[in-house]
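Got a structure for you, questions after.
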Amino acid sequence: MNFKNSQTNNKSGKIFNKSLFQNVKSKYVIKMIFELLTEKNKLNVIKYNKNLKDNLDIAIKDYKLFTNIEIEITLPKKDNFLYDYDNKKFSFINISKEYAPYIHIFLKNDKKELKGNIIPKVKKIDKIKIVLDNEVQSLKDLFKESPIESLTFTKFNNLTITDMTSLFESCQNLLKIDFTNFCSRNVTNMSFMFHQCSSLKKLNLSNFNTTNVKSMYFMFAGCSSLKKLDLSSFNTENVEDMCDLFHDCKSLRNLNISKFNTKNVIFMSGMFSNCKSLTKLDLSNFDTSKTTSMNSMFYFCKNLRELNITSFNTKNVTGMNNMFFGCSNLDELNLTNFYLDDNTISTVFMFAACSDKLIADVKRQIKNIKEETIDKEVYRPEKYKKVFETTMKEKEKQKNNEKKDESKEKEKKRKKKKKRKKRKKNIYVARGVIEEEEAELEVEEEESEKEDIMININFG
């Protein structure tokens, strides 16, 4: 039996009703073949093939056993997690109303399912098991701001997941994640996935499938304890956004992105900004032909001594503001394919706070930009300082003028109010309705009532 062809040639899966498993009598063989099928075809087999259902005791209702996700987590021993003191409960997972019926939580060795995402506080909570049914289509924000200390994907058979945005964002106690049984085959968005995981020191992402990922915006930003990161297994051919990808990874010394394919990347702003510990970076494999933004790309990489950007093509780039700001130990750069047109590209503070050697080296290479523009807009931060100070003075002056105008307006209103009160008082006295003192009190009461009405209109 040509099992391979029977699986791939008919996407509907109805072929399984006629041919597959018909002549197979061994339950062991049936089970083995079943395990090799794709998740979609497993469902088709269960649906159309009675023989299989009889042999494996599988029904449609049990299909979730083959398509769910199982996660095991541990919480920190210290009492620093999110705690609801009023109800004496704490939360460790974010469950939306949409997916609430399909996410199940169990304490270790406890078969009884907990209700909701909050459990009563107990003295010792060891491991917690979380089961996500196939109906769960997104892992967005699932553990955002969670106090979890470690997490293991023990099972991952749901291939419909496409969104992992902020999956572990701000998990500041998180020390370990085991992705051995993880699957990200169809994921398109990994933005903020590990953002602000400030305690995470190691990450093994060799099992990641990033073929369909389009956004890695802020993916590792704020992972301030990471010292080494190997992303050589990443396929980034469809990624369009790498803004702030490694922003504020202050401890990162060893970064392997040698296999990055950036041919479709449009945004690279802040990609390595504030990576203070990086000393060497080889980006000679980067294709930046579609990139439009490089603002603050290497901002304050103050220990960076070697930077290879010889492959950079900046013809479509419109923003390079602060690009090398604060790269004080970088003495030379090969800008062979750099294009700086003072009319179309914004280069404010591009080389501010850089070494004199680097500034001199760059000046020798750039031929298509005016000297005045270079001095004024690119290489002379001290001039910008003056411009900045002047701008600040102008803003301060503008604020003072606005305050003066406001004071004048208030004074005008006060005078008008005074005149109005005096006129009304004179009218009352002239008519002989009331005495002068009583008239003044009457007018003040009227004015007070008007103010109360205006307040009610504004805040009502």
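The values are calculated or read from the model by the stated rules, or taken from the named source; none is laboratory data. The structure displayed is predicted, hence computed values, not measured ones. In this analysis, Cβ positions are derived from the backbone assuming ideal geometry, glycine residues included, and neighbour counts consider all displayed protein chains. The area values use the complete protein model at the heavy-atom level, side chains included, leaving out ligands, DNA and RNA. Shrake-Rupley method; radii C 1.70, N 1.55, O 1.52, S 1.80 Å.
Exactly one condition in (1) open to solvent by less than 30 Å² (accessible area, probe 1.4 Å); (2) of a type in the set (Val, Ile, Thr); (3) at pLDDT below 95 is not met by Thr310; state its number.
(1)
Mind listing whichever residues of the range 152-162 are open to solvent by less than 30 Å² (accessible area, probe 1.4 Å) and in contact with an Asp or Glu (Cβ under 9 Å, 6 or more places away or on another chain)?
Residues satisfying the conditions are Phe153, Phe156, Asn158.
Out of everything in the range 215-230 that is over 21 Å from Glu149 (Cα atoms) and under 18 Å from the mean Cα position of the chain (by Cα), what residue ends up being most open to solvent (accessible area, probe 1.4 Å)?
Across the range 215-230, the extreme among qualifying residues is Tyr217.
In this structure, is Ser225 of a type in the set (Ser, Thr, Tyr), out of contact with any Asp or Glu (no Cβ under 8 Å at 6 or more places or on another chain) and assigned to a loop (DSSP other than H, G, I, E, B)?
yes
To continue, here is another question. Tell me which residues, restricted to the range 124-151, are among the polar types (S, T, N, Q), buried (at least 17 other Cβ atoms within 10 Å of the Cβ), out of contact with any helix residue (DSSP H, G or I) (no Cβ under 8 Å at 6 or more places or on another chain) and not in a strand (DSSP E or B).
Hit for the range 124-151 is Ser146, nothing else.
Considering only residues that are over 20 Å from the mean Cα position of the chain (by Cα) and in a strand (DSSP E or B), which ones fall in the range 152-175?
The answer is Thr152, Phe153, Thr154, Lys155, Phe156.
Search the range 263-282 for residues being farther than 24 Å from Ser198 by Cα and of a type in the set (A, V, I, L, M, F, W, C), and hand back the single one that is surrounded by the most Cβ atoms within 10 Å (Cβ to Cβ).
Val265
Another question about this same structure. If a residue has to be part of a loop (DSSP other than H, G, I, E, B), under 11 Å from Cys327 (Cα atoms) and over 22 Å from the mean Cα position of the chain (by Cα) to count, how many in the range 279-308 make the cut?
Residues meeting the conditions: 5.
Could you pull out the residue among Asn254, Asn207, Asn212 that is open to solvent by 30 Å² or more (accessible area, probe 1.4 Å), over 22 Å from Leu174 (Cα atoms) and free of Cβ contacts under 8 Å to residues at least 60 places away in the same chain?
Asn212
Still on this structure, please answer the following. Right, Ser91: modelled with pLDDT under 85, within 24 Å of the chain's Cα centre (by Cα) and among the hydroxyl-bearing types (Ser, Thr, Tyr) or not?
It is true that Ser91 is modelled with pLDDT under 85, within 24 Å of the chain's Cα centre (by Cα) and among the hydroxyl-bearing types (Ser, Thr, Tyr).
When you look at Thr279, is it out of contact with any helix residue (DSSP H, G or I) (no Cβ under 8 Å at 6 or more places or on another chain) and at pLDDT 95 or above, yes or no?
yes
Residue by residue through the range 183-199, note down the ones that are open to solvent by less than 10 Å² (accessible area, probe 1.4 Å) and among the β-branched types (Val, Ile, Thr).
Val187, the sole residue that qualifies.
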